[in-house]
Amino acid sequence: MHLKKAANWSKKQDHLLFRFISALGIALFLTTFANAETIAPREAAQNIGSYETVEGVVSQVSKSRGGTTFINFGGRFPNHVFYAVIFKKYAHKFQSLDRLVGKSVAISGTIDLYKGKPQIILFSPDQIVQR
């Protein structure tokens, strides 16, 4: 009987320890992400191939006929200096992007160059943080 109680107590302690460590890990991750250094949209072109967090005010959100969504920074198309792309395949994961216009937003991902403009391709809403 005492062994059974001891085993249950040990399982409860293990479960609490696991929950505590998980919460601590999440808190550390969020703190690290929130404090990560950011670059301005105009600096993105100097960081092609790097994983960066680009932070700036969204100038425009638009969608192509094919269903690709563009989040432009530093001006409206075609005068923008940086943009984020969400392909139709992933669009269902993102909600209410129009609300980002005029807001300070951080976009994280690998910066690529497409048709002379730096971009980050978004696969998950976790890559966008409204500041």
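For the range 37-60: of the residues being touching a residue at least 12 places away in the same chain (Cβ under 8 Å) and among the charged types (D, E, K, R), which is surrounded by the most Cβ atoms within 10 Å (Cβ to Cβ)? Outline the logic, then answer.
First, pick out the residues of the range 37-60 that are touching a residue at least 12 places away in the same chain (Cβ under 8 Å): 37-42, 44-45, 47-60.
Next cut, among the charged types (D, E, K, R) only: 37, 42, 52, 55.
Values: GLU37: 7, ARG42: 14, GLU52: 22, GLU55: 19.
Filtering the range 37-60 for residues that are touching a residue at least 12 places away in the same chain (Cβ under 8 Å) and among the charged types (D, E, K, R), the one surrounded by the most Cβ atoms within 10 Å (Cβ to Cβ) comes out as GLU52.
Which of the residues spanning the range 96-131 are free of Cβ contacts under 8 Å to residues at least 60 places away in the same chain, outside any strand (DSSP E or B) and under 14 Å from the mean Cα position of the chain (by Cα)?
Hits for the range 96-131 are LEU97, LEU100, LEU122, PHE123, SER124, PRO125, ASP126, GLN127.
Since every read-out is calculated from the coordinates, none of them should be taken as a lab result. Since we're looking at a predicted model, the values are computed, not measured. In this analysis, Cβ positions are derived from the backbone assuming ideal geometry, glycine residues included, and neighbour counts consider all displayed protein chains.
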